[in-house]
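Chemist: Pasting a structure below so you can have a look.
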Amino acid sequence: MNSVTCPAFPREGRIAACLQEPSLGANLSIQPVAACPAPAPASGEDVLSVLARLLAADIEACNRTIVARMDSPVALIPQLAAHIVAAGGKRLRPLLTLACARLCGYREGARHIKLAACVEFIHTATLLHDDVVDESQLRRGLASANAVFGNKASVLVGDFLFARAFQLMVEDGSLKVLEILSRAAATIAEGEVLQLVTQNDLSTDYARYLDVIKGKTAALFEAGCQVGAIVAEKPEAEAALAAYGMSLGIAFQLVDDALDYSADQATLGKTVGDDFREGKMTLPVLLALDAADAEERAFWERTIEQLDQTEADLDRALTLIDRHDATRRTLDRARGFAEAAKEALAVFPDSELRDCLRDIADYTVARIR
Ligand code: IPE
Ligand code: IPE
Ligand code: MG
Ligand code: MG
């Protein structure tokens, strides 16, 4: 397995130590995982690395907060949390919160650190729950927490991380921050439930699909970016950063849904084809279905609606998605939202950080994991 370290999250000795403690998962075989490879631009340094370098002290402090706050005397909690945290992840959301705070001129104080950790905790909690719901076996290049520790432990530690996120919000002391992040947490759950009820339903349309991805993914990007303006006490920047986060988050999930059919599994760190096996109505399927002839429609009815699938069906699904150019068209939509994200930043004066946030939008479309 690749052993590139995420620039935003070098593996912490403490987490590694956690993993070695006797536990339910004592016989885990933890290996470093390829953390942040993205297509490198001509300069050779990808934008996540640039951002992690510009915000090195902040992200380091955020990582320390994450490690400290996932601790608990109930050993299974840090063991399971360390399993997913130490596996890497791009740390995109906390980087965005930190970058947005700095972009708004936040210089004194450390509110953005705790809130960035809070955003990553919400994200991690949703991943733990999402992998149970989706029955996913692979996360961040490792066996998922549910595969290693079981569904019950994953759900409960997810609850713990949500609760920790709320503690961090309360410590921040701003009712406005609490309002925005708690609303996002509720919206994520709504998005996941809406997805559950549209699953296997071929009548799902683009508007409903957008509702799902705005809720389950973009809402946290939106809130995490807006919080940057709040800690900097720049109310005039809140709408622009919220709009940036929303468009970026939509683009991010569109690409995720394309990658679920087309990525290299080892690079993605998740099982390719999970969405198909679950019968999820994601945009590649919506587009292929929309252009389907009678025989193709019968295929989607059998595989997505009735979940009657054979081993060969994922390949057939890919063939139909390719035939109707549905991956490219999904990525085109993502590019449109990435452009909207960049436009939302126009209200900020030119700066290295603003350029980075613009580049993050391009990265989101070009990413391969
Ligand atoms: C995965 O998010 C969940 C989605 C919203 C698609 P990321 O791709 O940001 O996951 P990590 O944190 O890098 O593993
Ligand atoms: C991600 O949706 C949304 C949340 C984690 C809330 P997916 O189900 O597409 O995410 P992955 O592909 O499992 O990371
Ligand atoms: Mg999932
Ligand atoms: Mg996915």
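Chemist: Just in the range 71-138: which trypsin sites (Lys or Arg not before Pro) are loop by DSSP and have at most 13 other Cβ atoms within 10 Å? Please report the intermediate quantities before stating the final value.
Modeler: Details: sites: LYS90, ARG91, ARG102, ARG107, ARG111, LYS114; in loops: LYS90, ARG91, ARG107.
For trypsin sites (Lys or Arg not before Pro) across the range 71-138 that sit outside H, G, I, E and B with at most 13 neighbouring Cβ atoms in 10 Å, the list reads ARG107.
Chemist: Can you compute log10 of I(q)/I(0) for the chain with the Debye formula, treating each Cα as one identical point scatterer, at q = 0.08, 0.13, 0.15 Å⁻¹?
Modeler: Normalising to I(0) and taking log10 leaves -0.38, -1.04, -1.38.
Chemist: Okay, moving on. If you find the alpha carbon centre of the range 142-192 and of the range 92-138, how far apart are they in angstrom?
Modeler: 10 Å
Chemist: For Cα pairs less than 8 Å apart in space and 6+ apart in sequence, what is the mean separation divided by the residue count of the range 46-366, i.e. the relative contact order in percent?
Modeler: On the way: 470 pairs, mean separation 60.8, N = 321.
Relative contact order, the range 46-366: 19 percent.
Chemist: On a full-extension model of 0.36 nm per residue, what is the gain between GLU295 and VAL170, subtracting their alpha-carbon distance, rounded to one decimal in nm? Write out the running numbers ahead of the final one.
Modeler: Details: separation 125, 0.36 × 125 = 45.00 nm, distance 5.57 nm.
That pair, GLU295 and VAL170, stretches by 39.4 nm at full extension.
Chemist: Name the residue, out of GLN265, GLN306, GLN199, whose mean-square fluctuation peaks in a Gaussian network model built on the chain with Cα pairs under 10 Å.
Modeler: Sorting by GNM fluctuation, first place goes to GLN306.
Chemist: Springs between alpha-carbon atoms under 10 Å, Gaussian network over the chain: tell me which of CYS225, CYS100, CYS356 tops the mean-square fluctuations.
Modeler: In this elastic network of the chain, the residue with the biggest mean-square fluctuation among CYS225, CYS100, CYS356 is CYS356.
Chemist: Scan the chain and report its longest stretch carrying no GluC sites (Glu not before Pro) that are both in a DSSP loop and have at most 16 other Cβ atoms within 10 Å.
Modeler: Values: sites that count: GLU12, GLU45, GLU108, GLU135, GLU233, GLU311.
My reading of the result: 136-232 is the longest stretch.
Chemist: Using the reciprocal of the averaged 1/r over all distinct C-alpha pairs, how large is the Kirkwood radius of the range 39-126 in Å?
Modeler: Details: mean 1/r = 0.0719 Å⁻¹.
The answer is 13.9 Å.
Chemist: Using a Gaussian network model of the chain with C-alpha springs under 10 Å, which one of VAL47, VAL227, VAL74 is most mobile by mean-square fluctuation?
Modeler: Of the options given, VAL74 has the highest mean-square fluctuation.
Chemist: What is the set of long-range amide H partners of ARG139 at a cut-off below 5 Å, with H atoms built 1.01 Å from backbone N?
Modeler: SER144
Chemist: Can you give the alpha-carbon Rg of the range 56-190 over 2.2 N^0.38 Å, where N counts its residues?
Modeler: Numbers: Rg = 14.7 Å, N = 135, 2.2 N^0.38 = 14.2 Å.
With N residues counted in the range 56-190, Rg over 2.2 N^0.38 Å equals 1.03.
Chemist: May I ask for the net charge around ALA189, where only other residues with Cβ less than 14 Å from the Cβ of ALA189 are counted and Lys, Arg are +1 while Asp, Glu are -1?
Modeler: Numbers: positive: ARG183, LYS214, LYS216; negative: ASP130, ASP159, GLU190, GLU192, ASP211.
Result for the neighbourhood of ALA189: -2.
Chemist: Right, something else. How large is log10 of I(q)/I(0) for the range 279-369 at q = 0.16, 0.18, 0.26 Å⁻¹ when the intensity is taken from the Debye formula with one equal scatterer per alpha-carbon?
Modeler: Computed log10 I(q)/I(0) values: -0.71, -0.80, -1.24.
Chemist: Going by the alpha-carbon gyration tensor, a ≥ b ≥ c the square roots of its eigenvalues, is the range 325-369 rounded (a/c under 1.5) or, if a/c is not under 1.5, prolate (a/b greater than b/c) versus oblate?
Modeler: Details: a/c = 5.40, a/b = 2.02, b/c = 2.67.
Taking the square roots of the gyration eigenvalues as a ≥ b ≥ c, the range 325-369 is oblate.
Chemist: Okay, moving on. What helices in the chain pass both tests, a Cα length along the helix axis of 30 Å or more and a mean Kyte hydropathy of 1.6 or higher, using whole DSSP H runs?
Modeler: Numbers: long enough: 111-133 (33 Å, 0.60); 151-172 (32 Å, 0.57); 175-198 (34 Å, 0.95); 235-262 (40 Å, 0.49).
The answer is none, since no helix passes both cut-offs.
Chemist: Take the residue pairs LYS234/LYS342; LYS90/LYS114; LYS90/LYS152; LYS176/LYS280; LYS214/LYS280; LYS176/LYS216 and return only those whose Cα atoms are more than 23 Å apart. All intermediate terms of the calculation are to be shown ahead of the outcome.
Modeler: Values: LYS234/LYS342 19 Å; LYS90/LYS114 18 Å; LYS90/LYS152 26 Å; LYS176/LYS280 35 Å; LYS214/LYS280 16 Å; LYS176/LYS216 21 Å.
Violating the 23 Å limit, Cα to Cα: LYS90/LYS152; LYS176/LYS280.
Each reported figure results from applying straightforward, stated rules to the coordinates on display, with no laboratory input. These numbers come from a predicted model, not from an experiment. Methodologically, a virtual Cβ is constructed for each residue, glycine included, from the backbone with ideal geometry; neighbour enumeration extends over all protein chains shown.
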